[in-house]
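Any read-out appearing in this document is the output of simple, stated calculations on the displayed coordinates, not a laboratory observation. Just so it is clear, the structure is predicted and the values come from calculations on it, not from any experiment. With ideal geometry, Cβ positions are generated from the backbone for all residues, glycine too; neighbour counts draw on all protein chains shown.
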Amino acid sequence: MFRLNSLEAVTQRSRVAAAQLILPIDARRAHILDRLVRLAADLIETAIAMLTIVEGHRQVFAAHAGLPEEVAAAGSTPLEYSICQHAVASGRPLIVCDARKDPILRDNRAVVDFGLVAYAGIPLITPEKHAVGTLCVVDMIPRDWTDDHVALLASLADIATDELELQRHERAAAFRQSWEGVGELKAKSPRW
């Protein structure tokens, strides 16, 4: 039941459209997000940290640290490999000490194929209240996540969300400016 609701939630048209507005990540923002993700991994002392954007049927790695080379090179995975989709679907933090013992996550391809065990993810929520992705940390061993870990991750997720929102506003402003230029050209063109 939860899996079906999760899939329905992450494939909802308005949520997917909001996620697609974020991609691709601008180079300047990508650099900032990469530093933010590395900071999360360092401060929480995890093997892996990621900023994911969950589209309709895949999760895109907008920033990452510690991913296996082949996964990092691919830049995304199908949802079968996504634990983040569950945090996105619920719109709430997902904190898992040992995914191998979790009835929903134990069969997830990331757990089975890559050996991911512990997961803590905070959804990235747009001002329109769409969960578009997560900032998460992952480990290959069971972890007892502390309240401080979760609070720190939530603060970093807020910063990431702000960066993504700034990118969206900059793109909208550039688009408006380009359309204003078209209007000026029309006004200056001779009428035959």
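Run down 112, 71 and say which single residue is among the β-branched types (Val, Ile, Thr) and closer than 24 Å to residue 9 by Cα. Let's see the steps before the verdict.
Numbers: 71 fails: closer than 24 Å to residue 9 by Cα.
Testing whether each residue is among the β-branched types (Val, Ile, Thr) and closer than 24 Å to residue 9 by Cα leaves just 112.
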Please enumerate the residues belonging to segment 25-35 that are within 16 Å of residue 124 (Cα to Cα) and in a loop (DSSP other than H, G, I, E, B). 25
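Looking at segment 52-92, which of the residues that are of a type in the set (A, V, I, L, M), closer than 23 Å to residue 42 by Cα and free of Cβ contacts under 8 Å to residues at least 12 places away in the same chain is surrounded by the fewest Cβ atoms within 10 Å (Cβ to Cβ)? Break it down stepwise before answering.
Initially, segment 52-92 is screened for residues of a type in the set (A, V, I, L, M), giving 53-54, 60, 62-63, 65, 67, 71-74, 79, 83, 87-89.
Narrowing the set further to residues that are closer than 23 Å to residue 42 by Cα leaves 53, 60, 62-63, 65, 67, 71-73, 83, 87.
The next check asks that each one be free of Cβ contacts under 8 Å to residues at least 12 places away in the same chain; those that pass are 72-73.
On the way: 72: 13, 73: 8.
Looking at residues that are of a type in the set (A, V, I, L, M), closer than 23 Å to residue 42 by Cα and free of Cβ contacts under 8 Å to residues at least 12 places away in the same chain, I get 73.
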Within the bounds of segment 77-88, is there any residue that is of a type in the set (D, E, K, R) and over 14 Å from the mean Cα position of the chain (by Cα)? yes
Can residue 44 be described as closer than 30 Å to residue 144 by Cβ and in contact with a His (Cβ under 6 Å, 6 or more places away or on another chain)? yes
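Matching residues to (1) of a type in the set (Lys, Arg); (2) within 18 Å of residue 49 (Cα to Cα); (3) touching a helix residue (DSSP H, G or I) at 6+ places or on another chain (Cβ under 8 Å):
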| position | (1), (2), (3) |
| --- | --- |
| 83 | no, yes, yes |
| 88 | no, yes, yes |
| 104 | no, no, yes |
| 109 | yes, yes, yes |
| 118 | no, yes, yes |
| 123 | no, yes, yes |
Look at segment 93-120 and say how many of its residues are free of Cβ contacts under 8 Å to residues at least 24 places away in the same chain and either crowded, with 18+ Cβ neighbours inside 10 Å or part of a loop (DSSP other than H, G, I, E, B) (or both). 6
